[in-house]
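What follows is a short report on a single structure.
Values quoted throughout were computed directly from the atomic coordinates according to the rules given, and no laboratory measurement underlies them. Computed from a predicted structure; not experimentally measured. With ideal geometry, Cβ positions are generated from the backbone for all residues, glycine too; neighbour counts draw on all protein chains shown.
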Amino acid sequence: MSYVTYKVIHYLGIFLLVVALGAALGRRVTSEGPDPLRRRFVALHGVGLFLVLLGGFGLLARTGVSHGALFPGWVWAKLAIWVVLGGTVMLARRRAGWAMPLLLVVPALAALAGVLAFLKPF
Ligand code: HEM
């Protein structure tokens, strides 16, 4: 697949991830107790995470980054962000009080992941 195709997959994954997290976190802020739609959001979030990874590693292959040597630092930083965003649904379930701050942290991390790919600072 082409660079552009992988980029669209990457973006689709990012949007799905952020929308699913926003919905799950928003409901966590306003309601007490278990969310009956939680499994649905978790599933959408999981598909988003998968697409981000698929698109991300496709982009790495297309830009020649993954050839041979160990990944550069910005890729590891993006992987760390991916792991944190992946753990966010669980965090929100365990600690309802974190749902509101996470509504700001999630887009901030997503923007940071974009800046890391754009500037490749390390
Ligand atoms: C799983 C780890 C990830 C890998 C391996 C990865 C890899 C990449 C690569 C290789 C690019 C293209 C860089 C280029 O064109 O030179 C890219 C772009 C981008 N990534 Fe990721 N990424 C990952 C996770 C994420 C996450 C979690 C987000 C946000 C939630 C994200 C947001 C973006 C954005 C916004 C761009 C476009 C930046 C630009 O070129 O203007 N990435 N990513």
(request) Taking the convex hull of the Cα atoms, report for the chain its projected area averaged over all directions, in nm². (result) 7.6 nm²
(request) Counting other beta carbons within 10 Å of each Cβ, put Phe41, Phe122 in order, fewest first. (result) Phe122, Phe41
